[in-house]
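Values in this text are rule-based calculations from the coordinates and carry no lab data. This one's a predicted model, so the numbers in the text were calculated from it and none came from an experiment. A quick note on method: Cβ atoms are made from the backbone with ideal geometry, for glycine too, and the neighbour counts reach across all protein chains shown.
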Amino acid sequence: MILVGLLLLVALVLPGLPLGEWRAFLLDTAQFAFLISALALAWDLLARTGQLSLAHGAFFGLGAYAAALAAPALGTLPALLVGGVVAGASSLFLGLATLRLHGMYFAIATLAFSEVMRTLVLKAPFTGGAIGLPVQPAFGGAFPLGGYYLAVGVLALAAGISLLLSRSRLHYAMAATRQGEAVARVLGVPVIRVKLLAFMISAFLAGLAGGVYAMKTLFLSPYDAFGLGRAVEALVIPIFGGLYTTTGPLLGGLIIVSLETWLRLRIGEGYLVVYGVILVLTILFLPRGLVSLFHRKGAGHA
Amino acid sequence: MLDGRLAYWRLGSPSPQTMELLLQTLINGILAAGIYALVASGLALAVGVVGIVNFAHGEFTMIGAFIAYLLFVGTGLDPFLSLGLAALVLFGVGAITYLGLIRPVLAAPELNQMLLTFGLSVALQNIALLLFGADTRVVSTSYQGATLSLGGLSFGVPPLLAFGLSVVILGALYGFLDRTRLGLAVRAVAQNRLAPGLLGIETQRVYLLAFGLSAALAGVAGVMLSVMLYASPTVGFAYTLKAFAIIVMAGLGNLRGVVPAAIILALAEALVSTYLPGGGGWVEAVFFLVIFVALTWRSWRAA
Amino acid sequence: MRKVWMVLLAVLGLAGLALAQTTVRVGVLLPISTVAGKAALNGVQLGVDQVNAGGKVKIELVVVDDGNAPATAVPALTKLMTVDRVDIVIGGLASGVTFALSGPVKQYQPLFLCIGAASSVVEQAFSDYNRFFHYHPWDYHNVAAALEFFKYLYDSGARRVAILYEDGPFGSAGIQTYRQQLERQGYTVQAEPFKSGSGSFTAILTRLKGFRPDILYWIGYDVDALPIAAQTRQVGLEPKLIYGAPPAWPTGFEKNNLSNDIAGMTAWLPSVANNESRRFVNLYRRKFGEVTDEYMAPMGYVIALSLGRALEAAGSTDKDRIAAELAKVQMDTPFGPLSFKPSDTGRTRFQGFNQSIWLQFQYLEGSRRPVFPPNRAARPLRFPGNY
């Protein structure tokens with residue numbers, strides 16, 4: 001919890017720190033790091049109910065496209081909200097359809113959903129299709145750090161919701177659902193409501209992250225926005241960092257992006273081999289993820 | 001542009017032309033199902049028997065494709081003749097992977113195993129990229145464009161060969177699973193991973209065998225892909241994705257259902273490609289839509 | 001007194017050296033892990049070697065991988081501009097990535113030498129930026145060059161063309177234009193999308209048998225070349241010409257019999273009969289030990305050489321002086337003569353090559369030779385081809 005607060009504080013003041021000539025590069029990289037960490041947090045939220053989704057690439061993409069299309073008419077912040085809502089609404093549909101699916105079956109169903117969504121966006125007439133969609137920068141480019149602070153905002157929101165949920169009664173309901181739905185029902189947990197609520201919150205956050213991403217890269221294409229790679233990253237980061245926590249996905253996301261960037265700058269060609277090996281070694285020696293380095297015994301909340 | 005398609009939607013009794021097109025489409029679908037079934041069966045062994053979601057399965061396919069390509073470039077050996085060697089090599093690779101990486105995480109949560117195989121997949125793919133570059137490489141065999149004509153129908157020789165070999169290999173696999181003691185042990189472990197331990201079957205040996213076989217099947221499929229498509233570090237990805245979908249549709253642990261599921265999906269793809277205007281762009285979406293509907297409908301029906 | 005002389009001499013000597021040689025740091029931002037990106041980098045390095053060997057100018061390269069995605073390319077450009085502090089950037093291979101770079105480029109104002117990025121979406125994005133030198137032809141140039149070839153084929157009797165296009169940005173970008181223009185030329189057109197890399201064309205090709213196309217034109221990637229060639233024959237579709245337009249062809253394709261009589265379009269072949277091209281091929285072979293097919297290699301080479309000339313003429317490291325000299329550069333290249341003019345649409349001021357660099361080639365017995373336009377043909381086009 002303290003670590004989370006500290007990280008968010010650093011994120012907030014990063015532009016003001018004396019970073020010298022690396023400042024612009026770090027801020028740029030940090031923006032993308034915040035967004036993928038927010039996505040990872042969103043994924044983890046859903047995972048707490050036992051639903052291991054491969055659809056977060058789709059939620060991200062839907063949010064990105066919805067926000068990009070809405071921005072000229074509504075302005076930046078309302079457009080981002082629209083993005084989140086669209087993603088959330090689609091997750092309601094997906095959540096209802098997959099209520100009775102678990103484990104790999106659930107994962108593949110969400111993957112199928114994601115691929116179908118991508119094709120629909122590809123073929124739809126108003127999305128710019130295969131050629132892509134140019135996007136206006138956040139706030140029309142008026143604030144140079146606008147995009148950066150939007151990313152910080154989304155990350156803080158995701159972390160905040162994650163912390164709140166882990167301290168609420170919902171935490172136990174989600175854990176019970178994850179550990180066994182039948183037993184949870186017997187204990188009086190409204191399983192369906194818990195699952196759907198988690199889905200919608202998770203998708204909403206993912207959609208927000210997608211919208212901010214669109215306004216940063218200024219260009220959307222279905223293959224990039226709905227990338228399967230991103231959905232897998234959203235899954236890999238919480239496992240690497242520590243599942244069912246807030247610190248895990250947050251720290252994990254920042255470290256993974258930093259690691260990748262540093263390796264790419266240092267090693268150049270072949271850096272991904274090292275990256276893959278590091279992932280393998282981490283899970284072999286730190287099965288509980290990075291957070292196990294902080295909590296020696298007992299299960300912390302954050 | 002529309003008239004070409006309207007010709008297929010004739011009212012009244014189907015003309016010989018439309019019948020021919022339908023038959024040809026069905027044949028195309030069944031031939032394509034061969035490789036799908038091969039890759040999916042391999043994955044089914046890893047997921048259903050060992051219980052590992054093996055993200056690196058596509059990389060085993062890729063290694064098979066490169067073995068075939070390199071042998072071809074080095075010695076001129078026809079890729080189909082290198083099937084045996086590829087199978088052996090990949091079995092070894094699978095066994096080593098199992099002993100070195102998989103066995104330590106068997107008891108770990110499923111998600112950890114996923115991260116492990118994912119990391120392995122990234123590492124393998126990028127090692128291939130380092131060694132060979134991202135180039136697409138093709139082999140050259142005399143029969144690559146050849147075709148067999150029966151009636152008005154044509155069978156491409158490479159897909160026919162691939163299909164025939166898949167039938168033989170899968171036949172041998174299922175014969176092994178049905179009739180030999182070890183095979184039955186494998187099936188027992190697939191159906192209930194706890195019970196066999198109590199019955200005293202050497203579960204470790206079964207796991208090793210299953211994972212090795214899984215990799216070998218992937219490698220064999222890779223060899224076929226090197227002839228029909230190409231060899232490159234990313235050749236395995238698309239087929240692996242579909243393989244995951246196929247085994248889930250068949251049902252995890254249901255090794256037999258893989259072949260019918262592969263056929264159904266390949267047929268759906270073929271029908272969409274042929275009959276839907278602009279079908280080529282929708283094929284993937286239809287594939288996954290079928291999976292989605294099948295999974296969700298089945299889950300609600302079981303209630 | 002002698003000390004004073006020595007100091008004076010030393011100072012003069014150093015000043016002389018500094019005046020005699022302008023040293024400039026140039027950033028290179030390319031997708032190094034892709035085949036085209038690597039080829040481009042090789043070409044740039046080769047060109048820089050030549051420039052530095054001349055002694056008058058020294059170019060130092062700072063190479064950063066753009067990762068072939070906006071999320072990695074944008075920070076990479078930021079690093080080049082703020083950490084490495086370069087004033088000149090060679091980059092912009094993929095259109096989508098270059099588009100995403102337009103914002104940061106306009107923010108940091110480097111002299112931007114764009115090696116690829118054919119999409120006119122990029123032309124629009126840079127239309128208000130004066131330090132943008134675009135060497136590669138735009139997509140409308142590519143389309144015009146292809147249409148010229150189609151017109152020639154029409155005059156040779158072709159009437160029906162079937163277009164297979166991959167349903168991503170590369171394949172879908174020009175499809176409407178192609179259809180319109182081809183129909184205007186008098187062709188009957190049937191167009192079908194496909195998923196690149198899927199390798200399954202049997203269904204579409206079977207369907208096209210009823211259409212009996214004279215030309216089978218496919219727009220996709222190298223991974224589609226062999227399946228299309230093989231399955232066209234397997235299905236018994238017998239077009240008069242198979243014409244492919246991928247950005248690159250697979251390695252080993254020329255050794256495969258299925259490639260015979262397949263036509264394609266490229267900006268350059270190692271066998272092109274042109275002094276600059278032969279020089280480039282020799283230099284490349286000496287440095288890298290092989291002959292490359294990728295036209296991005298000579299493109300990078302040309303950019304480096306043109307930059308070298310501009311640096312020499314400017315005699316300074318000021319990017320605007322260099323830009324002014326670059327605008328005046330006229331030189332012979334493996335692609336033909338290079339000079340900068342406003343683009344055809346007028347949106348950008350410095351456009352290097354145009355549709356005239358494109359040539360159509362045909363595979364025959366293991367080699368590719370230009371067959372069109374007639375003034376560049378090494379042998380006649382085989383139409384109808386023997387498939």
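For a quick size check, give me the Cα extents of the protein assembly as shown along its three principal axes, largest first, whole Å.
So the three principal-axis extents are 98, 76, 57 Å.
Can you give the net charge of the other residues whose Cβ lies under 15 Å from the Cβ of B:A250, counting K and R as +1 and D and E as -1?
+4
To the nearest 20 debye, what is the magnitude of the charge dipole of chain C about its Cα centre, counting +1 on the Cβ of each Lys and Arg and -1 on the Cβ of each Asp and Glu?
Taking the Cα centre of chain C as origin, the dipole is about 640 debye.
Taking the Cα-to-Cβ direction at A:V183 and at A:S168 and moving 7 Å from each Cα, how far apart do the two end points lie in nm?
About 2.4 nm, to one decimal.
Grab the DSSP H runs of chain A that are 4 residues or longer, score each as -39,500 (n - 2.57), total them, divide by all residues and round the 222 nm result to the nearest 500 deg cm²/dmol.
Calculated from helices alone, the mean residue ellipticity at 222 nm is -24000 deg cm²/dmol.
Please state the charge dipole magnitude for the protein assembly as shown, taken about the Cα centre, from unit charges on C-beta atoms (+1 on K and R, -1 on D and E), reported in debye and rounded to the nearest 20.
1180
How high is the relative contact order of chain A, given as a whole-number percent (alpha carbon pairs under 8 Å, six or more residues apart)?
32
Within chain A, which whole H helices from DSSP have a Cα span along their axis of at least 24 Å and a mean Kyte-Doolittle hydropathy of -0.5 or more, if any?
Span-like helices in chain A: A:23-47, A:56-74, A:76-97, A:103-123, A:146-166, A:191-217, A:247-267.
When the helices in chain C are scored as -39500 (n - 2.57) per DSSP H run of 4 or longer and the sum is shared across all residues, what 222 nm value do you end up with, to the nearest 500 deg cm²/dmol?
Mean residue ellipticity, 222 nm, calculated: -13500 deg cm²/dmol.
If a paramagnetic tag sat 7 Å from the Cα of C:R159 along the Cα-Cβ line, which residues of the range C:196-224 would have the backbone N under 15 Å from that point?
From the range C:196-224, the list is C:211-215.
So, how do all the Cα-to-Cα distances of the range C:279-343 break down into 10 Å bins, in percent, from 0 on up?
For the range C:279-343, the pair-distance distribution reads 20, 43, 27, 9.
Taking all pairs of distinct Cα atoms, average 1/r, flip it, and tell me the Kirkwood hydrodynamic radius of the range A:30-227 in Å to one decimal place.
That comes to 16.8 Å for the range A:30-227.
Toward the positive end of the charge dipole of the protein assembly as shown, about the Cα centre and with charges on Cβ (Lys, Arg +1; Asp, Glu -1), which of B:V89, B:A268, C:L208 goes farthest?
The residue sitting farthest along the positive end of the dipole is B:V89.
Around A:L52, under 13 Å between beta carbons, what's the net of Lys plus Arg minus Asp minus Glu among the other residues?
Here the charged neighbours net out to +1.
For the protein assembly as shown, with the dipole built from +1 on Lys and Arg beta-carbon atoms and -1 on Asp and Glu ones, taken about the Cα centre, which of A:V121, A:L52, A:P72 lies farthest toward the positive end?
A:L52
Going through the range C:289-387, which GluC sites (Glu not before Pro) have at most 16 other Cβ atoms within 10 Å and a DSSP loop state?
Passing sites in the range C:289-387 are C:E290, C:E365.
Report, for chain C, the % of DSSP beta bridges that are antiparallel, rounded to 5.
Here the antiparallel bridges make up roughly 25 percent for chain C.
Which of the residue pairs C:K38/C:K195; A:K216/C:K195; C:K79/C:K106; C:K58/C:K319; C:K56/C:K319 have a Cα-Cα distance greater than 19 Å in the structure shown?
Beyond 19 Å between Cα atoms: C:K38/C:K195; A:K216/C:K195.
So what are the radius of gyration and Dmax for the Cα set of the range B:22-301, in Å?
Computed over the Cα atoms of the range B:22-301, radius of gyration and Dmax are 18.7, 58 Å.
Can you list the DSSP H helices in chain B whose Cα atoms extend at least 18 Å along the helix axis and whose mean Kyte-Doolittle hydropathy is 0.5 or higher?
Once both thresholds are applied, what remains is B:16-44, B:57-75, B:83-97, B:110-132, B:157-179, B:203-228, B:237-250, B:258-275, B:279-301.
Could you please report the charge total around A:A209, scoring K, R as +1 and D, E as -1 over all other residues with beta-carbon less than 15 angstrom from its beta-carbon?
It works out to a net charge of -1.
Could you work out the percent of alpha carbon pairs in the range A:248-296 separated by over 11 Å, rounded to a whole number?
70
For an R0 of 22 angstrom, estimate the FRET efficiency from the Cβ-Cβ distance between C:Q185 and C:Q124 and round to the nearest 0.05.
0.20
How large is the dipole of the range C:248-298 about the Cα centre if only Lys and Arg carry +1 and Asp and Glu carry -1, each at its Cβ, rounded to the nearest 20 debye?
320
In nanometres, what is the gap between the two model label sites at B:L130 and C:T23, each 7 Å from Cα along Cα-to-Cβ?
Taking the simple label geometry, B:L130 and C:T23 are separated by 3.3 nm.
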